[in-house]
Structures are given as structure tokens and as C-alpha cells.
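The values are calculated or read from the model by the stated rules, or taken from the named source; none is laboratory data. The model shown is predicted, which means the values in this text are computed figures rather than measured ones. Here the Cβ positions follow ideal geometry from the backbone for every residue, glycine too, while neighbour counts run over all protein chains shown. SASA here: full protein model, heavy atoms, side chains in, ligands and nucleic acids out. Shrake-Rupley method; radii C 1.70, N 1.55, O 1.52, S 1.80 Å.
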Amino acid sequence: DFGCSSELAFVVEPSDDIAVQEQPLILYCQVEGIQPITITWRKNGVMIVDSENAFMLANGSLYVSRFQRLRGDGSSDEGEYDCMAQNHYGLLVSRKAKIQAATMSDFHIHPQNAVVEEGGVARFQCQIHGLPEPVILWHKNSMPVNTDNERYTLLPKGVLQITGLKAEDSGIFHCVATNIANVKFSREARLTVSGSHSTVYKDPMILVGPENLTLTVHQTAVLECIATGNPRPIVSWSRLDGRPIGVEGIQVLGTGNLMISDLTVQHSGIYVCAANKPGTRVRRTAQGSLVVQAPAEFVQHPQSISRPVGTTAIFTCVAQGEPPPQITWLRNGQILETSDHIKLKNNNSTLSIYGINQADEAIYQCLAENSAGSTQASARLTVLWADGLPSPPQGVRAETVSATTIQVSWEKPLQNTKEIIGYVLHIRKAADPVEMEYQEAVSKSTFQQLVTDLEPSTSYSFYIKAYTSRGASKASEVTVVSTLGEVPAMPSLFIKVINSTTVQATWEPSIKLGQHEGFKLYYRKVHLSQYTGPVLLASNITAYNITHLDASVVYEVKLLAYNQHGDGNSTVRFVSLRETVERTVLNPPCDCMKDEQNNKTSTTGIIIGIHIGVTCIIFCILFLMFGYRGRLLMCKNVQEQLSTPQIPRSQRSATGLVLNGATRRDRDDRDLNGKQLDMNELERLFPASPSQEQQEKGITSAHSPSAPHDETPISTLPLDEFSIIEEQPDPLPKNPHGSSPAAPAPDHGPANEG
């Protein structure tokens, strides 16, 4: 019974068809498998009972003696038909066959009279709906149009194109539509060819462009494009996405119509028709979309399987099509309903049955369906059950050990224990679906297991199965227990100095800290024992500014996370603001504009401002002419001012701590030249621990951030604290390293220069 021939399967399934009114219809259905097999038919989901009009043949096919689109009682033979086959192992349902009546409507577009000059283009069109699609032929003067004439093009949708018109093309045209349901004739239209061929120039113009089409694979698409102009334009085709159209199955009908045979999904896209004037770039375009649908088909079929009781059965069914098909599962012909132990995943492509039992033995079908068609595949699940398997393990208990550990214990089964080779512990979060379950194997002599790496404050379910070489026992009773809670982990803390009185504490987002309710922030001066805080912060906050600090001391900042189980371990950081204050004092920003505003009411300030302005103008001119920058040194007496010589950029690259606008290198050069700065004066200007009085008299310097780059920043001092160091500028040496040792070192300009 487990061979391939035992599988209940369809050899022939009913297919879509178009039936003719009052004519017989046969729907075929052939099945193989282990006998006896019963075949029944349904229409629109309702069982068909044999009658004089419709009955089943001996081979399982359905015979409809006289197909009726509409009967006197309001019923119709149109609809969706499927056949069902059943044997001892289960039930199968075939694909749905759509049966429609052959019809033909009246013409809803008739050809129209046309008057066209000689050499031009004429186009006639007629449209009619019908099932199957009517074949449309054209007649001229009651005779079929000669299709051997290259100037005459007949398109499948009922279009007649005539190019290069001649007087002989004049006549009366009509079309004839034919299908299995009927034959119909359109109204007549007269074509008149007037005058002689014109030589007047006309821009290219597209009379009719391509329509939007939706077709199915293996059909033929015709994209119409007819253009006029003088000279006659050249018609070309391209895809809007830039991909090549290709050559296989591609044909040009008439002067510019594109025909694509044996369509595939890859042919879908937007097609552009272009009419180009010969020898120029003058062109007109029109575009239309082509959508190619593909019926659903299987890439991977489900396979029949046999599984022992209590194990997991998985069926996989992968289908493709355009548009992508929807997958539905049936169990013995009925829609499969999911439950705790029956799950569908991956857009219904995977069916998983957990902890199978004898009730799960059935035929499972995968139905794939889209707007272009449907298909089905089936597989059988056989549940294996051997006599003499162990009974379920007894007395399952679970005890919480810690926030991440639970100990599970049990007793051996009451029956059939001799063949046991081991136990399997099934573990799952109580809130998770069954497919999230995992297992741990245990030796047959062990009756307890320590389950680790669990999550705190989480409920887990456990059950045990005993295994033999012939299969597994039924599952034991399920026990549920929760782990203990725990305090949050230490947060990662970072401290950033904002200014001389403010620091910012930041830490990692709370999601990394487990279950918690928030944070507690403390801070204090290191020489004090009392903390300021706690500052309680919500779990979604990751930064906090600590303000009004004393810049002269070191602070300790402490952060911890807390939850309902208590406070976690804290993270401690130390921070000092002294360096920020010293950096501000030693490197005061240069704000020439602010200084000028503060002193503009003073006569002395006005004089200094005039000198500064003149000097800046001179230095700007020198900069533009020679590419050098200016330097200006302000000294103690206003009456004496000195412009320092321009220094090559390479000689100004040395850096160092800025003291009153001069670098350490400047001071070393002065020492070598015997011009040593008065150390008492230096100590007075920059004391190690400035008093209040010195801070009030200290350096006043400012720099306007909005000052343009071509202004030279100026450092100024109160008038009573200027000193003059006069140096004679040296000519620039040809070799920077070959200057005379006796030459005075050039004074670098203010080191704060932008």
C-alpha cells in the first residue's frame, strides 16, 4: 500500500472550456490509486446529482447533453466545475474548470467613411465582443481583401491599414466577425482617394499608438503604431526601461506595427513607438503597456510522508505565476483550519503539523490560484503507530532555580519501559506558538534536566516523551512554571563637558537593559560623602544635563537602572571642568569687532581704530599682490606702532601654547638674540593662580565669528599695560635654514589668527 501506485492522484483533470448553446459538453476526470475509488462532481461547490441533462460516465467524466446558458427555471450550465475522488486513504479535489457559453455581441465600433489624399494612410476599425474571440476579416466591394498586397495590413483586433494610397484603393469596406456562436457583418464604409501625392512638408504625426494590453503567456500581442508625414516617417520601437526587445518571436506588420508571438512574462513592460523624420532628430512618440500573465504552476510539489505518532510532519508547496498565486490547503477536500498544532508559514507555502496523532492521517492538497488559472497538488500523511510503545512519562515537575534556570524532573512510564533508549524534553515559552518549541535529549537513566539560558520573569511549558527504536510514546502532561525576575544590567555611561558649569550624561537605549522601569542618576563632589539625587528618569530617556557645577572641583556621576525587582549595579564616571576653564583663559577668543565697539567712545580707541583700519587695508593690498598675510602687534604706548614684516607661510606653521599672541618658539628666538621678555611682566600678565584684581585687569581679547577671512584679528590690552618690542624686519632669506644666527627672530603675528 505504500508504493507509488497507491497514491490517489488525478491522471486527467477538467479544463476550462467554451460550450455552444444546445450542444453536448464533456468534462473529463480520470483518477488512479488503490480501489475502490468513488468519483463525484460539483458545480460552484454544490454536488451534481445525475439527471437527464447531466450525468457521469463510466470513466468518471461528466456529460452534459444539451448545454444551456439560461434555462427556463433561471438556472445555467455555466460555472466552475470540479471532480472529487475518494478511497480508503482520503479525498482529492481537482482543479476548478471554468465553463462559459459561446457568445457574440453586436458590433460596438463600425468602420467610418474616409477621404484621404493619394499617398496617404487609411485606417478602418471595427470591434465586437465574443467568446471565443471572434476572427475578423475585411471585405472590399463585397469581396475579401487581398492580403497579398503589401500595402494592406490586417491586425487581429479588427483593424485594416492601407498605406501609400492609390486611386484604385477607393471602394466600400466592411468587416465580418466569426466564432462558434455566430457570424455577423458590420456596416459599410466608403474610402475615397483624392488628388495627387502632395510634396508639401509635414511633420511626423502618429495617427494611432499602441493600446494597453493584458494577455496570457503563449498568446500573441500586436502593438499598433501608424504614422504619417512628408517625407514618410520611419517607425521604430523600444522599451521604456531600456531593455532590448529582442528578435525571437518579434515581427513588424505593415509599416510599423509590432507583433510578439508566444508571449512570456519577460515581455511585460511599456513599449514606445517613435515616428522619426528621415535624416533628422524630429520625432513623435506614443506608448502602451503590455502585461503578460502566467497561470499558477508548481515549482515544488508536496511529498507524501510517513511519521510516527507525536512527531512533526511538514509539507512544502511552492508555486509561481503572474500575478503571484495564492495558496490554499485542503484536508480530505475541506478547507484546512489552523490550530495550535497545525500551522501555515511562508505565505502558506509550508504546512507544519506538530505532535501528530492518528486523526491527522489524511490527504493534504495545495491549491495555487491566480487570475490566469489554477492548479493543485496533493500528498498523503501516514501516521505510524507500533504496538508495545511506552506509556507517557509520569509525574512531570518543574522548579524554578534562578532567573535563567529551571529544573525539570519526571518518573519513568508505567508500561513498556524495557525498550526505552532515551527521553526528549520539549521546551517552549508559554506565550510562543508551537513551532517555536525546541527539544533537549536526555539519557534513559536520567530523570531530571537542568534547563538553562532562559529569560527572566518568563513562563515556560515543559512535557516529556519516551523514545524507543520503533517510535515515541505519547506526550506527558504539560507543566508550566516561570523563571525568577532579576534587576537590570549595568548601563553604559558616557560624560560630555558642555561648558564650565554643565556636563551631559548619556547612556545606551533602554532596550538593551532587559525589563526595567527607569534610571536613577546621582552626582556629587568627590570630597563630599553626600550625593545629589536620585534623579528619576523614564526608561525611554538616554541623556541628562547636570548644571550649576563648580568648575574648580572634580565630580563623580553615578547611573543605575531599576525595575520591580530592585536596583541594578551602577556605572560610575568622574569628570573635571577645570581644563575647560583654563583653556578658556589661556586661549581667549579673538573678537576684534566687540573690542572696537567697547572702545569707540574713547578718543584713544578712535585713534587706535583708525590705525587698525589703515593697516588692514595696506595688508589686504599686500596679500592680494604678493600672496602673503599681514601681522600686526599692538604695544603698550599708542603713540608707537609697528608693523611686523610678512613671514612666509612655512615659517608660521610652528604651534605652541599662545601667550599674549606669541609662541614658545618666538620666546626662544628672542632669548638667542639677547632680547629676552621680562619674566616679571609675563608673570604679572599670566599668573598661575590669578587673583580677582588681576582677572579684572587681565587680557581682553575678542574675535568676531562673523568677521570675513581677509580681516586680520587684533589682540588689544588696556593702555596702561602696553610694552614695545621693536625689531627691524629682515629681508627674506633665500634659504630658510641659512639665515645668520645674529638676525633677530621674526615676530609671529597673533596665534589666534583665523
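Here are the numbers:
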| item | result |
| --- | --- |
| Close pairs (6 angstrom Cβ cut-off, 6 or more residues apart or separate chains): assigned to a strand (DSSP E or B) in the stretch 531-551, small (G, A, S) and open to solvent by less than 50 Å² (accessible area, probe 1.4 Å) anywhere | L537/G518; A538/G518; Y544/A505 |
| Only one of R243, R283, R239 that is basic (K, R), loosely packed, with under 15 Cβ neighbours inside 10 Å and in contact (Cβ under 8 Å) with a residue 24 or more places away in the chain | R243 |
| Qualifying residue in the stretch 45-66 (condition: closer than 30 Å to W329 by Cβ, in contact with a helix residue (DSSP H, G or I) (Cβ under 9 Å, 6 or more places away or on another chain) and open to solvent by 70 Å² or more (accessible area, probe 1.4 Å)) | no |
| Conditions (1) open to solvent by less than 20 Å² (accessible area, probe 1.4 Å); (2) closer than 18 Å to Q320 by Cβ; number of the one not met by N346 | (1) |
| Leading residue by the ranking (most open to solvent (accessible area, probe 1.4 Å)) among those in the stretch 353-397 that are touching a Pro at 6+ places or on another chain (Cβ under 7 Å), among the hydroxyl-bearing types (S, T, Y) and not in a strand (DSSP E or B) | S371 |
| Pairs, first at positive phi in the stretch 70-93, second of a type in the set (V, I, T), C-beta under 7 Å, six or more apart | G79/I99; G90/I363 |
| Which listed residue, of F107, F124, F173, is of a type outside the set (S, T, Y), surrounded by 15 or more Cβ atoms within 10 Å (Cβ to Cβ) and part of a loop (DSSP other than H, G, I, E, B) | F107 |
| Strands (runs of 3 or more DSSP E) lying entirely in the stretch 20-62 (those with 1 or more residues that are within 50 Å of the chain's Cα centre (by Cα) and among the charged types (D, E, K, R)) | 30-32, 38-43 |
| Matching residues in the stretch 215-261 - criterion: being out of contact with any strand residue (DSSP E or B) (no Cβ under 8 Å at 6 or more places or on another chain), within 28 Å of N146 (Cβ to Cβ) and either charged (D, E, K, R) or part of a strand (DSSP E or B) (or both) | R232 |
| Only one of V318, V292 that is touching a His at 6+ places or on another chain (Cβ under 6 Å), over 29 Å from I464 (Cα atoms) and at pLDDT 90 or above | V292 |
| The stretch 454-473: number of residues that are under 9 Å from P390 (Cβ atoms) and in a loop (DSSP other than H, G, I, E, B) | 1 |
| Exclusive hit being open to solvent by less than 60 Å² (accessible area, probe 1.4 Å), in contact with a Gly (Cβ under 7 Å, 6 or more places away or on another chain) and either on the phi < 0 side of the Ramachandran plot or free of Cβ contacts under 8 Å to residues at least 12 places away in the same chain (or both), set V503, V481, V497, V442 | V442 |
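Here's the yes/no breakdown for (1) touching a residue at least 24 places away in the same chain (Cβ under 8 Å); (2) over 26 Å from I162 (Cα atoms); (3) among the aromatic types (F, W, Y):
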| residue | (1), (2), (3) |
| --- | --- |
| V247 | no, no, no |
| G254 | yes, no, no |
| N276 | yes, no, no |
| V292 | yes, yes, no |
| Q303 | yes, yes, no |
| R307 | yes, yes, no |
| T311 | yes, yes, no |
